[in-house]
Amino acid sequence: MKKLREIRQKMCMTQAMLADKVGLTRQAITAYEGGRNFPGENELNKLADVLCVSVDELMGRKTNEN
């Protein structure tokens, strides 16, 4: 999930900071960003909420904005 890293860095947040806010380990965030693991539905929603983005945006999906 390259987009996760990009969004996290834009918010000036470390992996440890994000992990703490979401209730995960820094290693889990590292694995998600490196594509070695993928968050479940609950984790994905928590990540999107903490980063103030949609799940689609977090996953790098294009959205149609009017």
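Counting only trypsin sites (Lys or Arg not before Pro) that sit in a DSSP loop (anything but H, G, I, E, B) with at most 15 other Cβ atoms within 10 Å, what is the longest stretch of the chain containing none of them?
So the longest stretch without any such site is 1-35.
If you roll a 1.4 Å probe over the heavy atoms of the protein chains, what accessible area per residue do you get for the chain, in Å²? Could the numbers behind the result be given before it?
Details: 4520 Å² over 66 residues.
Result: 69 Å² of accessible area for each residue.
Could you calculate the contour length gain from Cys12 to Ser54, that is, 0.36 nm times the residue separation minus the distance between their Cα atoms, to one decimal place in nm?
Length difference between fully extended and current span is 13.3 nm.
With +1 on the Cβ of every Lys and Arg and -1 on the Cβ of every Asp and Glu, and nothing else charged, how large is the dipole of the chain about its Cα centre, in debye rounded to the nearest 20?
Value, rounded to 20: 260 debye.
What does the charge add up to near Glu6, with Lys and Arg as +1, Asp and Glu as -1, over the other residues with Cβ less than 12 Å from its Cβ?
+3
Within the P(r) computed for the chain, what percentage of the Cα pairs occupies the region above 20 Å?
On the way: 329 of 2145 pairs.
Percentage above 20 Å: 15.
The values are calculated or read from the model by the stated rules, or taken from the named source; none is laboratory data. All figures in this text were calculated on a predicted structure; none of them were measured in a lab. Using ideal geometry, Cβ is built from the backbone for each residue, glycine included, and neighbour counts are taken over all protein chains shown. These accessible areas exclude ligands, DNA and RNA; they are computed on the full protein's heavy atoms, side chains included. Shrake-Rupley method; radii C 1.70, N 1.55, O 1.52, S 1.80 Å.
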